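Right, one structure below, let's go through it.
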Amino acid sequence: MTLIDLSWPLHPGMSRVPMAPDVEFRPVQEMAKGDTSNIIQVTMASHVGTHIDAPVHFIPGGKTIDQVPLEQFTGPAVTVSVRRGAGEAITLEDVGQADVREGDIVFVHTGWSAKFGTPEYDRHPFLAPEVANFLVQRRVKMVGIDCVNVEMPIGDRPADYTRPIHNTLLASEVLIIENLTNLERIAGRRPRVYAFPIAYRNGDGAQARVVAELP
């Protein structure tokens, strides 16, 4: 058995969406200063790092992250590898022929994680609305991408942009994982994935350690 970590370690200065404050680590106790243990206080937004969006993130009255059944955070995964440039849409033609089954976790591998920590990471490929509709019709559990967002890059959005990907997926309780990495290591395979988030009470999302298990 091989375990592959698909998550980014949390740290100050990591790539994030503009509306989220930077991750902050502040020492509370330090053995180097004579304390009996080491403890840090962590301050971060719920949508920084590798994280899962709960339905309530965009759907009024939707499930919070602690209300989602544990079974939805694990299952077989299929990885769709696509090559799109900055600000380019990933279309149904790119993913429609993949072996996507009911109950799958679907990962979209763009290679964009190689740009994590650089300004180029912020202008990324994104899912077209017909892809979200297709995945809802296939009754998948979760959709993940190795970009900061499944939506059109923030700087490219028109004033009337409605975030159609989040709204379509989350309205059908298809969860979203953003900021994945190492997807090239599971491309062409069907691993079992474990993506259990922190159970923030009434949380709109939470960080998760996303791990793929290969035989």
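Summary of values
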| item | result |
| --- | --- |
| Matching entry among Asp160, Asp204 (being touching a His at 6+ places or on another chain (Cβ under 6 Å) and not aliphatic (A, V, I, L, M)) | Asp204 |
| Looking only at the stretch 99-120, and only at residues there that are of a type outside the set (Ser, Thr, Tyr) and assigned to a helix (DSSP H, G or I), the one that is surrounded by the most Cβ atoms within 10 Å (Cβ to Cβ) | Trp112 |
| Residue count for the stretch 168-215, restricted to those that are surrounded by 22 or more Cβ atoms within 10 Å (Cβ to Cβ) and among the acidic types (Asp, Glu) | 1 |
| Looking only at the stretch 57-89, and only at residues there that are under 14 Å from Ala199 (Cα atoms) and aliphatic (A, V, I, L, M), the one that is nearest to the chain's Cα centre (by Cα) | Ile65 |
| Condition check for Tyr200: hydroxyl-bearing (Ser, Thr, Tyr), in a strand (DSSP E or B) and more than 21 Å from Leu92 (Cα to Cα) | no |
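Let's see how each residue does on (1) within 22 Å of Leu6 (Cα to Cα); (2) modelled with pLDDT under 95; (3) touching a Leu at 6+ places or on another chain (Cβ under 6 Å):
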site	(1), (2), (3)
Thr64	no, no, no
Phe73	yes, no, no
Pro76	yes, no, no
Gly96	no, yes, no
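The values are calculated or read from the model by the stated rules, or taken from the named source; none is laboratory data. Since the model is a prediction, treat every value here as computed from it, not as a measurement. Neighbour counts are summed over all protein chains in view; Cβ atoms, including those assigned to glycine, are modelled from backbone coordinates with ideal geometry.
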